[in-house]
Amino acid sequence: MNEFGNEPLEAELQQLKPAAPPEDFMARLANAPLATRAALMPWFSAPAGTGGVSRLLRWLAPATAAGALLAVVLIRQLNATADKSSGARPSEIEPMVRADNVEIDRQLVATFDTVAQLPDGEPVRFRCSEWLDDVVLRDSTRGILIEHRMPLLEIVPVGFEVY
């Protein structure tokens, strides 16, 4: 079902036949010379006198890319074999911090409402909340204390009540 109610118009448009193109246009089209690849894509054709250089560049660009890819693969292989030969396995390496006491806290610092105007002039009310997130990690065996505090501003649009 068409939501705009245009079924009669669409049915009428489907019954119409397109008009034939003008005869002079068809004659010009039939007598037109076939376009060459260079005429269709002038950026693709090479200037006169640089035929050998352009052919060389066409092969050199993909070969350079393949060489760079091969170099990256070889460097990764060498790094992987160097890691294996060092003798230390990732499972044998101890973590630097083993947290035995973790505290996570969130405190509400402030809350307030404010009003702003949209570009079309309509007022919008926002409820703003300022929070302080606090994470504390303790490793009592090594005497390490890591504390991370991060402020957070939360803004929520609230609609006006109209009475």
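Read the figures in this text as sums done on the coordinates, not as results from a lab. Only a predicted model underlies this, so the values are computations on that prediction, with no experimental measurement involved. Neighbour counts run over all protein chains shown; Cβ positions are idealised from the backbone, glycine included.
Mind checking the full-extension length gain between Val136 and Glu23? Use 0.36 nm per residue of separation minus the Cα-Cα distance, one decimal, nm.
On the way: separation 113, 0.36 × 113 = 40.68 nm, distance 8.54 nm.
Fully extending the segment from Val136 to Glu23 adds 32.1 nm.
Would you list Met96, Met26 from fewest to most Cβ contacts within 10 Å?
Neighbour counts put them in this order, fewest first: Met96, Met26.
Need the full-extension length gain, Asn101 to Ala61, defined as separation in residues times 0.36 nm minus the C-alpha distance. One decimal, nm.
On the way: separation 40, 0.36 × 40 = 14.40 nm, distance 5.74 nm.
Full extension of this stretch gives 8.7 nm more.
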